[in-house]
Amino acid sequence: MGYDLHITRKSEWFDEDGDEITLDEWCNFVKSSSDMRLDGFAEIETPNGTLRVESEGLSVWTGYSCHEKDGNMAWFDYFEGNIKVKNPDDEIIKKCTK
């Protein structure tokens, strides 16, 4: 079982009302960061072939200590005014709070 961590300006990430992070803000943040990369997609190989997800704000944290070790990637995805990270470990959570 997994979980998502959301970076948000709202009281609750799922609220319809409240301040949002704009896609431009997110992309500018990623582009200005020396340890983040804006890819716009993620791919993994599965026994049944390649799984590809595309999202305009999908970024990877290249400064992650497990980056590309055994296929590990720390993906940060922009979605509906929030940034979402799936199944973050302690290191990724610490990155989210900076």
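The values are calculated or read from the model by the stated rules, or taken from the named source; none is laboratory data. Not measured: the values here are computed from a predicted model. FYI the Cβ positions are ideal-geometry reconstructions off the backbone, even for glycines, and counts take in every protein chain you see.
Here are the numbers:
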| item | result |
| --- | --- |
| Residue match in region 19-32 (condition: among the small types (Gly, Ala, Ser) and in contact with an Asp or Glu (Cβ under 8 Å, 6 or more places away or on another chain)) | no |
| Residue tally, condition surrounded by 12 or more Cβ atoms within 10 Å (Cβ to Cβ) and touching a residue at least 24 places away in the same chain (Cβ under 8 Å), over region 89-98 | 4 |
| Single unsatisfied condition, Ser65 versus (1) closer than 19 Å to Thr97 by Cα; (2) touching a helix residue (DSSP H, G or I) at 6+ places or on another chain (Cβ under 9 Å); (3) modelled with pLDDT of 90 or more | (3) |
| Hits in region 31-41 - residues which are over 14 Å from Tyr64 (Cβ atoms) and of a type outside the set (D, E, K, R) | Ser32, Leu38, Gly40, Phe41 |
